[in-house]
1. Between A:Arg152 and A:Ala7, what length comes free when the chain is fully extended (0.36 nm per residue of separation minus the Cα-Cα distance, one decimal in nm)?
2. Would you mind checking which residues have amide H under 5 Å from A:Val536's amide H? H placed 1.01 Å from N; only 5 or more apart, or other chain.
3. Strictly over 28 Å apart at the Cα level, which of B:Lys41/B:Lys106; A:Lys447/A:Lys498; B:Lys41/B:Lys71; A:Lys82/A:Lys169; A:Lys447/A:Lys469; A:Lys498/B:Lys106 would you flag in this model?
4. With contacts defined as alpha carbon pairs under 8 Å and 6 or more residues apart, what's the relative contact order of the range B:30-108 in percent?
5. Determine the sum of side-chain charges near A:Arg713: Lys and Arg each +1, Asp and Glu each -1, restricted to other residues whose C-beta is under 12 angstrom from that of A:Arg713.
6. What whole-number distance in Å separates the alpha-carbon centres of the range B:24-69 and the range A:153-172?
7. Which length gain, in nm to one decimal place, applies between A:His215 and A:Ile648 when the Cα-Cα distance is subtracted from 0.36 nm times their residue separation?
8. Check cross-link reach from A:Lys237 to the lysines: straight Cα distance under 20 Å, and skip same-chain residues fewer than eight apart.
Amino acid sequence: MSPPSKALAEFVAEATEILEALGKDLLVLDERRGQEADPDRVNGIFRAAHSLKGLAGLFGQERISRLAHGTEDLLDRLRLGKLHLNDAVLDTLIEALDAFQALLAETARGTETDGLTRRADGMAERLGRLGEVSVALDEDPLERLELDAQVRSVFTEYEEHRLRENVRKGVSMWRVRAAFDLSDFDMGLADLNTRLKPLGEVISTLPSAQPGGAHGIAFDLIFGTQVSLPELESGLKGTPAELARLAVRPATIRSAEALVRATESPAIVLGTLGVASAPEASTGTSPPSKRGVRAAVEGGTHQSLLPLASERSDTEQGETGASAHGVPGQESESDEEHVPSAKGPSLVTYLQGPGGRAPAATPPGAPHAGAGAASSALAEPSLRSLTQTVRVDIGKLDGLINMVGELLLIKASLQRLAESARQDGVVPLSKLFGQELARETRGLERKLEALQEGLLEARMVPVGQVFDKLARLVRRITREAGKEIDFVIGGGEVELDKLIVEELSDPLMHLIRNAIDHGVESPDMRLAAGKPRRAVVSLRAEQKGNHVVIQVSDDGAGIDELRVREVALTRGLITHAQAEEMGRRELLNLIFLPGFSTARSVSELSGRGVGLDVVKNNLGNLSGIIDVWSERGKGTAFHLTLPVTLAIIRALVVGVSARTYAVPLNSVLEILSVQPREIRTMERREVLDVRGQTLPFVRLSRLFGLPERPVSRYFVVVVGLAQERLGIAVDELHGQQDIVTKPLGGRLQSVRGISGATDLGNRRPVLVLDVAALLEEGLALERRRA
Amino acid sequence: MRVKVLIVEDSKASREYIASTVEAVEGIEAVVTSSGFEALKLLPRHRFELIITDINMPDINGLELINFVKKNPNYRDVPLFIITTEGREQDRDRGMALGAAEYLVKPFQPGSLEGLLRRYLKLP
């Protein structure tokens with residue numbers, strides 16, 4: 001296959017962004033199952049599907065386009081109130097998202113498999129069939145709203161639907177008019193929207209067709225709210241907004257009856273009687289002019305109330321206003337019609353139906369079995385991003401650009417100094433000159449440091465990006481496994497290097513899948529063990545200094561270390577003698593050994609160990625380590641300790657046998673000066689006693705097979721990750737330096753204990769120690785010698 | 001002097017596709033924006049000979065933009081094309097009723113847009 005073209009890469013990048021946004025919104029809907037969906041959110045999802053359809057069409061991505069068409073169609077019916085958002089619909093939408101991601105992954109790779117095409121097309125067809133039709137009303141409530149036909153003509157179908165819904169529920173409708181300066185009206189409108197949103201729904205934002213002068217522009221916001229006028233007024237204090245209430249005619253008896261039938265609730269009591277008869281209400285087709293406003297204010301009781309009705313009817317409105325505001329509140333509570341009838345499960349607190357299986361997302365007769373088989377036959381899609389891009393906050397970029405500007409100023413000063421040095425070259429340079437040069441150099445150093453920090457920060461992304469993707473996956477795995485699980489996420493805001501976040505998704509998926517499939521017991525087994533029916537699987541991130549610790553835990557059956565020992569012995573991974581000496585923690589850590597996990601051991605050990613050596617290796621590549629805690633009957637927790645970034649690190653430069661090495665400073669805990677006689681041998685390995693604790697100890701020279709030189713004292717660099725500690729003996733300490741680690745190519749790649757090479761600035765390459773591997777090596781030595 | 005065409009479309013890929021199609025016609029300069037608000041700001045700053053707009057946008061919708069343009073004496077003679085997708089007939093019809101000159105249904109061929117541009121801008 002030829003590499004994807006630039007245009008295709010652009011398509012993949014934008015489609016990925018759209019799907020990410022779509023996934024986020026779906027997750028929110030999923031978490032709030034049983035509540036009435038926020039129309040803005042449903043519309044957001046619709047817009048995402050709509051954009052995706054257009055995008056795929058333009059790039060000739062037929063398969064994505066077809067599925068997006070089906071999805072958009074379904075969402076269109078949802079947002080226009082032609083379909084209820086129930087569990088089946090939501091489940092299908094989440095499945096569609098998975099299918100989109102699989103399709104996009106194939107597109108990015110330049111492949112196209114028939115299996116996926118069939119699955120996507122089957123899904124599109126199901127989307128088309130899905131749905132129950134909402135109760136149709138006899139009368140269009142919009143007919144009762146006194147709104148200029150001209151204004152109505154610029155509403156999209158969706159906006160019209162939202163208006164209709166608000167009127168039907170008896171929500172008070174307002175026109176909020178505000179004039180702004182042309183240069184910054186978007187900021188003014190954003191402020192207005194922020195204030196209005198908590199009070200109700202902004203249905204449409206109409207730029208006033210009347211010219212607002214050379215530098216001004218006015219907007220009419222059509223706004224529906226249940227709050228009282230004083231509340232609305234206080235919410236808008238300080239904005240240029242002027243309020244005008246839109247009159248609503250009472251429903252006819254027949255349509256009121258229809259409403260009662262449709263909503264099974266008391267009929268709406270209309271408090272705006274009489275308003276409709278006001279002359280201006282029926283004739284006031286355009287927004288009232290400034291003069292009209294003033295006149296109305298003088299006649300009205302509220303200062304910023306801008307009635308479309310006459311003064312007389314305004315008074316009447318005032319008298320009935322209370323009921324007009326109050327009653328709709330009651331009405332809305334009973335308006336359960338659009339709320340999914342089943343109080344369905346949510347993703348975060350996912351509840352399995354009592355039948356064991358979650359409700360099928362397919363109406364009877366739909367080709368569910370076929371589609372399901374196709375979907376399970378396909379391998380789990382990787383959660384890794386398809387693009388190598390980082391979205392950077394524009395503020396951060398501006399900061400970087402400012403820094404470059406300051407660097408240019410320093411460069412100019414240095415240039416000036418160089419110029420004067422050249423001119424005065426024949427005479428000795430003054431002390432003042434030296435001081436000035438030193439000052440500029442210090443400034444340069446500081447700025448470069450800040451620039452470096454800024455660039456690193458730009459690479460940082462919240463780890464929650466991966467968590468969100470995993471949350472969707474959990475839902476499906478839980479359903480497949482027939483378990484009842486609360487999935488708890490924490491610390492999603494913790495930031496890590498983009499590269500690390502990307503690489504984390506697969507190991508985390510592995511661990512979570514293991515926890516759900518095998519760690520957590522079935523509901524019946526849990527009850528029998530005296531535990532709550534629902535298990536908790538949690539995923540949390542926490543920043544600890546230069547590291548981030550991610551914990552994947554469950555409150556399941558835990559790992560039986562005696563059976564781990566049995567399996568390890570059976571597979572010849574350890575000897576009986578070794579097994580005798582191993583503590584509980586060491587036994588548990590055997591699950592990370594290659595060759596430990598096989599299909600058989602899955603069932604033998606509740607599945608712990610599935611591909612854990614792979615997980616461990618993946619983490620090792622990120623300079624991270626993994627640790628396990630488990631207690632029988634209580635649960636299991638994996639701790640992943642990772643550096644915040646891999647790009648630029650501060651290192652300790654050390655010398656051993658006339659060779660130089662760099663040790664990442666983020667894992668250096670302390671440095672000790674040790675005399676040879678302080679080193680003791682315990683169980684045939686060297687250790688040190690540090691403040692009453694026994695510290696495993698290795699000589700770097702021995703580890704790398706270098707000639708040892710007799711020394712009167714060693715420097716011992718104590719490194720640590722998570723709970724592991726190791727003392728590394730070196731001959732000399734050369735100081736600290738920032739380094740950029742470059743991977744070693746070819747055969748050197750697999751050398752244990754070395755993570756890469758770096759250049760210290762003197763053009764001499766230096767090897768960088770892999771602390772995670774050395775810690776392991778230390779432990780392995782322990783085992784070998786035992 | 002090239003004539004300026006304003007393109008209002010919130011999808012980046014679509015926007016670039018339309019812009020590249022428009023700029024492929026000699027004598028046209030494309031000015032692009034992703035939002036209706038931005039379009040309102042751009043209108044007084046340039047002299048546009050034609051506007052191409054999407055309907056479904058997050059801040060103001062395309063219909064509102066059309067209405068604004070058609071009601072404003074400074075811009076009302078500028079021809080407007082709607083970019084729409086299949087299934088949005090009501091919105092499209094409203095746009096045409098508000099005074100849009102033409103509509104194009106995504107995905108459209110570059111040739112059809114090019115033909116319309118030449119016709120409305122009276123280019124050879």
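Every read-out reported here was derived from the displayed coordinates using simple, explicitly stated rules and does not represent laboratory data. The shown structure was predicted, so the numbers you read here are calculated from the model rather than taken from an experiment. All Cβ positions, even for glycine, are placed from backbone atoms using ideal geometry, and neighbour counts span all protein chains on display.
1. My answer for the length gained is 48.2 nm.
2. Correct list: A:Asp486, A:Asp555.
3. Check vs 28 Å cut-off fails for A:Lys447/A:Lys469; A:Lys498/B:Lys106.
4. Result for the range B:30-108 is 28 percent.
5. Counting the neighbours of A:Arg713, the net charge comes to -2.
6. If you average the Cα positions of each part, the centres end up 26 Å apart.
7. Gain on extension, A:His215 to A:Ile648, equals 150.9 nm.
8. Candidates past the 8-residue exclusion: A:Lys197, A:Lys290.
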